[in-house]
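These notes are about the structure you will find just below.
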Amino acid sequence: MRVTGTGHASMRIDTAAGSILCDPWVNPAYFASWFPFPDNSLLDWEALGDVEYLYVSHLHRDHFDAAHLKRFVSKDATVLLPAFPTSEMEDELRELGFTKFLKAPNEQVVELDGGLKIMIQALTSPTDGPIGDSSLWVEYDGVRLLNQNDARPTDLSAFAELGHVHAHMLQFSGAIWYPMVYELPQAAKTAFGKQKRDRQFDRTWRYIDDLKADHVFPIAGPPCFLDDELWQFNDIHGDEGNIFPDQSVFLSEYAKVGGTNGVVLLPGSVAEITTSGASTTHPVPVEEFFANKVAHLEEMRERKRPVIEAEKASWRHPEVDVLKEMQRRIEPLLEESIYLAKGVGGPVRFDLVSYDGESVESIVVDFPGKQVRPYADEKVRYRFRTERALIEHLLHIGEVDWVNSLFLSCRFSAARIGQYNEFVYAFFKCLSTERLQYAEGWYDEHERSTDAEDITLGDWVVQRRCPHLKADLTRFGIVEGDQLTCQLHGWRFDLASGRCLTSVGHKVRAHRAGEQQTPAPAGEAAS
């Protein structure tokens, strides 16, 4: 098995039975804040994109580069699709011209042509990426590889049970905005950053120890920051609280815990992996490259400056009335939200700095009050401060995921009362009915017992959440005769039997109002 490093979390896996391109990312992401480092834009992408299979782990834009996928990856490639709860990834890939999809059942080995085997583990919590993250296991001729990228499963037993793994690719560096953007004294920011940096490495060591692969490849980070406004986030300033250590730092820290099997892949590096070892060739010596890291970054900064300036020029949309547009888009979602709104538990404030860099408009997303309104000088749970143009752009393009855009850009500052609140960020990555209903259903399913809440629709008592994607049937359920239709996606169910009329499985629990529900036989779960 041959693995070619193509930058960040991207790699091309070649076997005699076919090739798989994983997570190709080249163009800047998150408001031109993140760039791949080392630079991979000069690789021969025409050749690298000529593959039999494409695997995109999730929709974060440092993994899903739409412009690059459209231009450089063969549309004859079969997409290895994780079993995500929504169809967003498939929909976006179809818009880019891909037509062949293998929808991999979760955690089930699939044998492709020529004896190539794959298994995809999909993570589906609302906190996993933008509604989903995944890992890819590959086996050919006895050689096994796990591309974990930046997925965070509870353990790796599903992969370990398939046999000894020879190559383990996983994240080790930061991919978040904390603590850099928080309005804290520098000493506190450094202390929190050091804690996070240490936790990142500790998590990495645990995953490595779980799998005990022959060779460990640090991937999926760090990005580099080439805009002058963000330059300080690069780990070149001797800051022990920087959360973006690079691959050379990984090797150093790994050695401290006894690690001797780490292998770095630069863009263009090639690793030949067998059951008995691995040999790697590099376009330049790895130690020499990282010894000259600052010079490489400065050269990239000058070369990419026109790209950043062009991106910035596209963000302003003065025709957008931010308050009215936020009300139009967000207030209906607040009305639908039960678990997320309760979880946030208070108002969240956005301070929007206008084009002149001085005047500020403050807007509150009031979760208990279910409204978006001007700030009224009240105490808020979270406060975000950013350029008005960024919010204008998000509203202009109809972005449904402000986490996978504004927050990961680090182009904001933040303050909060109390501890981190995952519900704030879960809500702002779910600015569509489909996403919000899935997140609400997920929290509903995980916070309730197996005796989930029932509701009455017409003459029937049915479970509150649609078995398909957990939509709230008090809002989307319509009963006509003995049939239930969930209007969110048009799925239909026969209420007498509970059978789904739209797809295999997804049985609904239902009985006629006033009738005693028959208990499930011993040893069986209620449907």
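Here are a few things to note about the model shown:
- Long-range neighbours under 9 Å by Cβ, at least six apart or interchain, first residue in contact (Cβ under 8 Å) with a residue 60 or more places away in the chain within the stretch 100-124, second assigned to a loop (DSSP other than H, G, I, E, B) and of a type in the set (Phe, Trp, Tyr): 124/84
- Within the stretch 377-409, tally of residues that are under 16 Å from the mean Cα position of the chain (by Cα) and not in a helix (DSSP H, G or I): 4
- Flag for residue 177 being surrounded by fewer than 19 Cβ atoms within 10 Å (Cβ to Cβ) and out of contact with any Leu (no Cβ under 6 Å at 6 or more places or on another chain): no
- The lone exception for residue 56 - which of (1) β-branched (Val, Ile, Thr); (2) open to solvent by 20 Å² or more (accessible area, probe 1.4 Å); (3) under 15 Å from the mean Cα position of the chain (by Cα) it fails: (2)
- Any hit, the stretch 319-328, residues being open to solvent by 40 Å² or more (accessible area, probe 1.4 Å), in contact (Cβ under 8 Å) with a residue 12 or more places away in the chain and in a loop (DSSP other than H, G, I, E, B): no
- Of all residues in the stretch 292-318 being without any contact (Cβ under 8 Å) to a residue 24 or more places away in the chain and of a type in the set (A, V, I, L, M), the one that is nearest to residue 398 (Cα to Cα): 313
Let's see how each residue does on (1) part of a loop (DSSP other than H, G, I, E, B); (2) open to solvent by 40 Å² or more (accessible area, probe 1.4 Å); (3) of a type in the set (D, E, K, R); (4) in contact with a Gly (Cβ under 6 Å, 6 or more places away or on another chain):
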site	(1), (2), (3), (4)
230	no, no, no, no
236	yes, yes, no, no
244	yes, no, no, yes
253	no, yes, yes, no
259	yes, no, no, no
276	yes, yes, no, no
280	no, yes, no, no
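- Residue in the stretch 101-120 that is out of contact with any strand residue (DSSP E or B) (no Cβ under 6 Å at 6 or more places or on another chain), surrounded by fewer than 22 Cβ atoms within 10 Å (Cβ to Cβ), among the charged types (D, E, K, R) and within 21 Å of residue 219 (Cβ to Cβ) present: no
- Residue list for the stretch 411-436, filter: assigned to a helix (DSSP H, G or I) and either touching a helix residue (DSSP H, G or I) at 6+ places or on another chain (Cβ under 7 Å) or surrounded by fewer than 19 Cβ atoms within 10 Å (Cβ to Cβ) (or both): 422, 423, 424, 425, 426, 427, 428, 433, 434, 436
- Close contacts from the stretch 77-98, counting a first residue that is closer than 17 Å to residue 51 by Cα and outside any loop (DSSP other than H, G, I, E, B) and a second that is open to solvent by 20 Å² or more (accessible area, probe 1.4 Å) and at pLDDT below 95, with Cβ to Cβ under 8 Å and a gap of 6+ residues or different chains, come to none at all.
- So residue 47, is it surrounded by fewer than 23 Cβ atoms within 10 Å (Cβ to Cβ), outside any strand (DSSP E or B) and either more than 22 Å from the chain's Cα centre (by Cα) or touching a residue at least 12 places away in the same chain (Cβ under 8 Å) (or both): yes
- The stretch 463-474 residues that are closer than 10 Å to residue 440 by Cβ and open to solvent by 40 Å² or more (accessible area, probe 1.4 Å), paired with ones that are hydroxyl-bearing (Ser, Thr, Tyr) and not in a loop (DSSP other than H, G, I, E, B) (beta carbon under 6 Å, 6 or more apart): 470/438
The values are calculated or read from the model by the stated rules, or taken from the named source; none is laboratory data. Treat the numbers as computed from the prediction; the structure is a model and nothing was measured. Here Cβ is always computed from backbone atoms with ideal geometry, including for glycine, and neighbour counts include all displayed protein chains. Surface areas here come from the heavy atoms of the whole protein model, side chains and all, with no ligands, DNA or RNA. Shrake-Rupley method; radii C 1.70, N 1.55, O 1.52, S 1.80 Å.
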